[in-house]
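The values are calculated or read from the model by the stated rules, or taken from the named source; none is laboratory data. Quantities reported herein were computed from a predicted structural model and do not represent experimental measurements. FYI the Cβ positions are ideal-geometry reconstructions off the backbone, even for glycines, and counts take in every protein chain you see.
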Amino acid sequence: MMDNAIAWIFIFPLFGSVLCALLGMVKREACWYIAVISMAGSFLAGAVTLIQASGSPSHVVSYVLGGWSLDSYPRGVGIEFRADLLGALITLVVLGVGLLVSIYSKLPVEEETPDKEPLFYSLFLLQVTGLAGICLTGDAFNLYVLIEVAALTGYGLIAMGSNRAAAATFNYVILGTIGASLYLLGVGYVYITTGTLNMVGIHDAIVASVVTEKNLADSASMQVAFVLICLGILIKMAFFPFHAWLPNAYCHAPTTTSSLLAPLVTKVMIYVMIRVVLTVFGVEFSFDSTLWAEILPWLVVVAIVSAAIMALAQREIKRMLAYLIVAEVGYMVGGIWVYNYYGMIGSIFHVISDACMTLCLFLGAGLILRKCKTTNFDGLRGLFSKMPLTMTGFFIGGFSIIGLPPTCGFFSKWYLITGAMVSERWEYLVALLFSTMVMVVLFFRLIERIHLAVSESGENLGKGHGDLGLTEEQTRFSEGPLSMLIPLLLAAAVVLVIGIYNQDVVNQIETFLENLPHEAELPKEAVSK
Amino acid sequence: MTDPRIIEDVRPFLSFVIPLIGVLGIVWAGERHKNLRETFTFMAAFAQAAVVLSMIPEVLGGVIFEYQIWQVFTNVPLLLRVDGPGLLFASVASVLWIATTLYAIGYMRGLHEHAQTRFYSFFAISLSATMGVAFSANLLTIYFFYEMLSVSTFPLVTHMQDKSARTGGRTYLGYLLFTSLCLLLPALSWCYVWLEGGQVAMDFMGDDGKVGAFGSTTQIILLLLFTFGFAKAGIMPFHSWLPGAMVAPTPVSALLHAVAVVKVGVFCLYRVYADVFGFDVLRSLDGEDWMIALACATILISSLIALSQDNLKRRLAFSTIGQLGYVALGVTLATQNGAGGSVLHIAMHACGKITLFFCAGAIFVATGKKYVSELRGLGRKMPITMGAFMIGSLSVIGLPPLGGFVSKWYLALGALDRDAVWVVVVLLISSLLNVFYLLPVAVTAFFRTDETDEDSGIKEAPWTCVLPLALTALGCFALFFLSAPLLRLAGIAQ
């Protein structure tokens, strides 16, 4: 069973999902248990896979599903799951988030989508299957299939939300489909040119062609393929200005859905971009062959700054967080395209830490929403005394987004800044710092609104001496239920632990970067003094 | 000095952790058991002071303590190290915490303040962070604790939770986080990426002049980033947060905004100037004169502003900015006497200024008065308080036999070592300005009588307020007569 750990990652949620749909017809209450158990099993399998990957000499665990090996006919079409350290790390994050959210979901799902538990949980588990699959697959076409699995289940999960969720979902469907189609188109070009769909196979073909007359790095079709794939991924990850689907989708979705999708979907698509750049096309092709590497860093700057400004204009927690995610997407894309070792570490690490801190924030926002019936800034006064634990968890996530030590957000931002420095991408550095300041404003404004007895326009609301102008009822200690609180606090603890033990995570990332195929290397040294 | 022996010791870490443990006790006791809660604060304060002071004999004997908390980055650990200047700063802060705790009990209970548990908790966390800064061994460690201090003092500054608290808190955090995130962080990253010898060079020990490898323009940019990045040092134009922070309860203004927080700022400057740049590199730097001029300008301008302030606490705040300018001046002079004088001034000014703030708070508790113009005739009714105010003023002005004289003396010596006579002139003018804005307060209180109400029943504040301020006033004398070990800690005398 240990040898097949990768397969178990999928078996648990996939069959859990079917079981939910079937057993749910008889006994609805069982669904939550099935979801939690499958997520826990899957998480364990993910941990085993990571240990196997870091233990094996090549730092890769490969698993060919159902004998669809590369050598069988037609050549280059197989179902290979390939867990290198990067894939295994991100998978573990996906499964960890899934596990915490599944525990958290018991009450919100009962309350927000009554009688739909079987449907909800089977989509939930399929969603996690899709996301984990994206992180582990070694095949460019399978990747497309899994992206669609994740997307389709995501549409379903979002549409179960409030009245306006349907419109938001429709928007998401359109943009998501365009993104996925562009990606598929790109994969088509690649298949025609290289004759394989296997990621490592594609890369081998590109490298092998360099010495021949028909250098694939110069071929127009490969370059078009690369740009199409990148464009598709950018749309799927809500990179500004393709972000329009995201805020509405996450705001009108049920609490559980937004807690699951917000930390994962955009981050997993960043992972896909890293995978495409490093494993599929390779470092040299990605950064040297196309104009892309010159254009994107500037788009990143625009993306970060505009998303940060839009976040500033929001008056509602979930919407504000949604725009923060868009800004963070800019961070990570920038980290990839500054084109050096530190930037790449920063980007990968930020995928991990951003998933954890966004999880914190959305779980916290869900608790607030449940207690206050609103996440509008005006309804939050006095929450520090009412829900101190929730607020602690929420603001640990917030401080991590700002990048205050010792949270993990500080360390990933540190590597991103260092990356910007090494490549002398000053415009990216300035954008990072600008959005950092915006985040300081966002979260401390929130603290002000909760902590102080002052209205937004600056009138005193209380009678002084800490009087918040609320009744005793409104400020009395009243925490959310434990089934929701514990996942939040665990997530907050993870944010701190990853921060404190960031060396261990970074070591794994470094091992991955040092074992890139064909000994490709990212520049490490600074260009000048 | 002979080569220091480096000994691994847990005490620096203890001095950092003890207040955090104290917080657990404080929160557990809560509002229901007030006396127990204050006992926990006292226990933490005394334990911290004991741990810190116990290191003095050995450090004087040439020992350096180290304790590694954990490995943050490859080659850059979160490392605590105790040397003379750090220990001097830590001792002052931890001893004054005891006095402030006693004072805070009188002040907070006297005014029936709310949320005292929160107050004492964050107070303890701030002191923990202060110890961390004092004992930091490299730039990264110092940055960690610096940020911890910024955030943990925010609830103290906004304690009143009203409109003025919001304004003060916004200015406070806006300045401190803007500078630390946008100026300091890039500077750190710059050092991390480009310093010769890789990341090890962020350590404060070892070769001075690590940045000597950079071109002079880069050096100047780095120097500016660091100087303004540590905005807690209050160098103009990043000083406005300090008067803004005066909306906090007086114990906060006294310990944090006259001793811990602001001194953390100048102490960081000391570390950067002395141990990252090194004095040789600094002196050879072209633009370095401008830094001295900047410090002098800060001293003079803030003193002039202080003259015009009627609100006593604001006047003291601007005085603090000026005095921080002295410390910054000492390190920018880049001479041994100047830097030693700076470190000494951290201690001397701390004792004098905390006395002044204690007095301002005691006056407020006893009479509710905040403005200098209201103090007429108060000397007769509150003789101990106003007497202590007089002593504190004289110490800040720098007259013997009070502590403030010693440090100013060495600052002047440091200026003369560089043949910068004009700096001495600035020091003299500034001392004169100190006289103009500090002495009238005590003089008005003692020698002007208030005709309107002869006997309004005003008397001294509760003894818990008066005792600490009397003690710190006596401390100003003590620092003068017991300055020998301080000089050795500051690295001036052998």
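Is it the case, given these coordinates, that residue A:478 is within 13 Å of chain B (Cβ to nearest Cβ), over 30 Å from residue A:138 (Cβ atoms) and outside any helix (DSSP H, G or I)?
Working: within 13 Å of chain B (Cβ to nearest Cβ): no; over 30 Å from residue A:138 (Cβ atoms): yes; outside any helix (DSSP H, G or I): yes.
So residue A:478 fails the test.
Restricting the search to segment A:400-413, which residues are facing another protein chain (nearest Cβ under 9 Å), buried (at least 24 other Cβ atoms within 10 Å of the Cβ) and part of a helix (DSSP H, G or I)?
Across segment A:400-413, the qualifying residues are A:402, A:411, A:413.
Which of (1) under 21 Å from residue B:245 (Cα atoms); (2) small (Gly, Ala, Ser); (3) within 14 Å of chain A (Cβ to nearest Cβ) is the odd one out, the single condition residue B:212 does not satisfy?
In the conditions (1) under 21 Å from residue B:245 (Cα atoms); (2) small (Gly, Ala, Ser); (3) within 14 Å of chain A (Cβ to nearest Cβ), residue B:212 misses (1) alone.
Restricting the first residue to segment A:341-360 and requiring it to be on the phi > 0 side of the Ramachandran plot and among the aromatic types (Phe, Trp, Tyr), which pairs with a second residue that is buried (at least 24 other Cβ atoms within 10 Å of the Cβ) and part of a helix (DSSP H, G or I) meet a Cβ separation below 6 Å and a spacing of at least six or different chains?
Correct list of pairs: empty, since none qualify.
With respect to the numbered conditions (1) touching a strand residue (DSSP E or B) at 6+ places or on another chain (Cβ under 8 Å); (2) buried (at least 24 other Cβ atoms within 10 Å of the Cβ), which one is the sole condition not fulfilled by residue A:169?
(1)
So residue A:416 ticks every box in (1) away from chain B (no Cβ under 14 Å); (2) in a helix (DSSP H, G or I); (3) not basic (Lys, Arg) but one. Which box is left unticked?
(1)
Give the residue, chosen from A:153, A:169, A:129, A:177, that is within 19 Å of residue A:80 (Cα to Cα) and hydroxyl-bearing (Ser, Thr, Tyr).
Values: A:153 fails: within 19 Å of residue A:80 (Cα to Cα); A:169 fails: within 19 Å of residue A:80 (Cα to Cα); A:177 fails: within 19 Å of residue A:80 (Cα to Cα).
Result of the check over A:153, A:169, A:129, A:177: A:129.
Looking at segment B:400-428 only, could you name the residues that are part of a loop (DSSP other than H, G, I, E, B) and among the charged types (D, E, K, R)? So that I can check it myself, show each step before the final result.
First, pick out the residues of segment B:400-428 that are part of a loop (DSSP other than H, G, I, E, B): B:400-402, B:418-420.
Residues satisfying the conditions are B:418, B:419.
Which of (1) assigned to a helix (DSSP H, G or I); (2) within 14 Å of chain B (Cβ to nearest Cβ); (3) more than 19 Å from residue A:343 (Cα to Cα) does residue A:469 not meet, given it meets every other one?
Unmet condition: (1).
Tally time: how many residues in segment A:419-429 are more than 9 Å from chain B (Cβ to nearest Cβ) and hydrophobic (A, V, I, L, M, F, W, C)?
First, the residues of segment A:419-429 that are more than 9 Å from chain B (Cβ to nearest Cβ): A:419, A:423-428.
Among the residues that remain, those that are also hydrophobic (A, V, I, L, M, F, W, C) are: A:426.
Summing the residues that are more than 9 Å from chain B (Cβ to nearest Cβ) and hydrophobic (A, V, I, L, M, F, W, C) in segment A:419-429 gives 1.
How do the helices (runs of 4 or more DSSP H) wholly within segment B:82-194 filter down when requiring 2 or more residues that are more than 14 Å from chain A (Cβ to nearest Cβ): which remain?
Working: elements: B:84-110, B:116-134, B:139-157, B:163-179, B:185-194.
Of the helices (runs of 4 or more DSSP H) lying wholly inside segment B:82-194, those with at least 2 residues that are more than 14 Å from chain A (Cβ to nearest Cβ) span B:84-110, B:116-134.
Output yes when any residue across segment B:418-430 is under 27 Å from residue B:97 (Cα atoms) and exposed (fewer than 14 other Cβ atoms within 10 Å of the Cβ), and no when none is. It would help to see each step written out before you state the result.
Of all residues in segment B:418-430, those under 27 Å from residue B:97 (Cα atoms) come to none.
Checked segment B:418-430: no residue is under 27 Å from residue B:97 (Cα atoms) and exposed (fewer than 14 other Cβ atoms within 10 Å of the Cβ).
Looking at B:235, B:142, which is the one that is buried (at least 23 other Cβ atoms within 10 Å of the Cβ), modelled with pLDDT of 90 or more and not hydroxyl-bearing (Ser, Thr, Tyr)?
On the way: B:235 fails: modelled with pLDDT of 90 or more.
It is B:142.
For segment A:171-197, what are the residues that are of a type in the set (S, T, N, Q) and either within 24 Å of the chain's Cα centre (by Cα) or in a helix (DSSP H, G or I) (or both)?
A:171, A:177, A:181, A:193, A:194, listed by residue number.
Between residues in segment B:218-247 that are among the charged types (D, E, K, R) and residues that are assigned to a helix (DSSP H, G or I), which pairs lie under 7 Å by C-beta distance while being six or more apart or on different chains?
Pairs that qualify, where the first residue is among the charged types (D, E, K, R) and the partner is assigned to a helix (DSSP H, G or I), are B:232/B:176; B:232/B:261; B:232/B:262; B:232/B:264; B:232/B:265.
Can you confirm whether residue B:274 is of a type in the set (A, V, I, L, M, F, W, C), assigned to a helix (DSSP H, G or I), in contact (Cβ under 8 Å) with a residue 60 or more places away in the chain and surrounded by fewer than 24 Cβ atoms within 10 Å (Cβ to Cβ)? Steps first, answer last, please.
Details: of a type in the set (A, V, I, L, M, F, W, C): yes; assigned to a helix (DSSP H, G or I): yes; in contact (Cβ under 8 Å) with a residue 60 or more places away in the chain: yes; surrounded by fewer than 24 Cβ atoms within 10 Å (Cβ to Cβ): yes.
Against the criterion (of a type in the set (A, V, I, L, M, F, W, C), assigned to a helix (DSSP H, G or I), in contact (Cβ under 8 Å) with a residue 60 or more places away in the chain and surrounded by fewer than 24 Cβ atoms within 10 Å (Cβ to Cβ)), residue B:274 qualifies.
Every residue in segment A:446-460 that is facing chain B (nearest Cβ under 9 Å) and among the hydrophobic types (A, V, I, L, M, F, W, C), please.
Matches in segment A:446-460: A:447, A:452, A:453, A:454.
Looking only at segment A:507-529, filter to residues that are among the aliphatic types (A, V, I, L, M) and more than 14 Å from every other protein chain (Cβ to nearest Cβ); which one of those is nearest to residue A:260 (Cα to Cα)? Please lay out each step first, then the result.
Here is the first cut: in segment A:507-529, the ones among the aliphatic types (A, V, I, L, M) are A:509, A:513, A:516, A:520, A:522, A:526-527.
Okay, now just the ones that are also more than 14 Å from every other protein chain (Cβ to nearest Cβ), so A:516, A:520, A:522.
Details: A:516: 31, A:520: 35, A:522: 33 Å.
Per the criteria, the residue is A:516.
Could you tell me whether residue B:402 is farther than 16 Å from residue B:353 by Cα, at pLDDT 85 or above and assigned by TED's automatic domain parsing to the domain that holds residue B:310?
On the way: farther than 16 Å from residue B:353 by Cα: no; at pLDDT 85 or above: yes; assigned by TED's automatic domain parsing to the domain that holds residue B:310: yes.
It is false that residue B:402 is farther than 16 Å from residue B:353 by Cα, at pLDDT 85 or above and assigned by TED's automatic domain parsing to the domain that holds residue B:310.
What are the residues in segment A:481-506 that are more than 10 Å from chain B (Cβ to nearest Cβ) and either at pLDDT below 85 or in a loop (DSSP other than H, G, I, E, B) (or both), if any?
Of everything in segment A:481-506, just one residue is more than 10 Å from chain B (Cβ to nearest Cβ) and either at pLDDT below 85 or in a loop (DSSP other than H, G, I, E, B) (or both), namely A:481.
Looking only at segment A:353-383, which residues are surrounded by fewer than 18 Cβ atoms within 10 Å (Cβ to Cβ) and among the hydroxyl-bearing types (Ser, Thr, Tyr)?
A:374
Do we find a residue being under 30 Å from residue A:167 (Cβ atoms), touching a residue at least 40 places away in the same chain (Cβ under 8 Å), more than 14 Å from the chain's Cα centre (by Cα) and assigned to a helix (DSSP H, G or I) anywhere in segment A:283-299?
So in segment A:283-299, the residues under 30 Å from residue A:167 (Cβ atoms) come out as A:299.
When the remaining residues are screened for being touching a residue at least 40 places away in the same chain (Cβ under 8 Å), the result is A:299.
Keeping just the survivors that are more than 14 Å from the chain's Cα centre (by Cα) gives A:299.
Filter again for assigned to a helix (DSSP H, G or I), leaving A:299.
Yes, segment A:283-299 has at least one match.
Any residue that is within 8 Å of chain B (Cβ to nearest Cβ) and assigned to a loop (DSSP other than H, G, I, E, B) - is there at least one of those in segment A:432-444?
Within segment A:432-444, none of the residues are within 8 Å of chain B (Cβ to nearest Cβ) and assigned to a loop (DSSP other than H, G, I, E, B).
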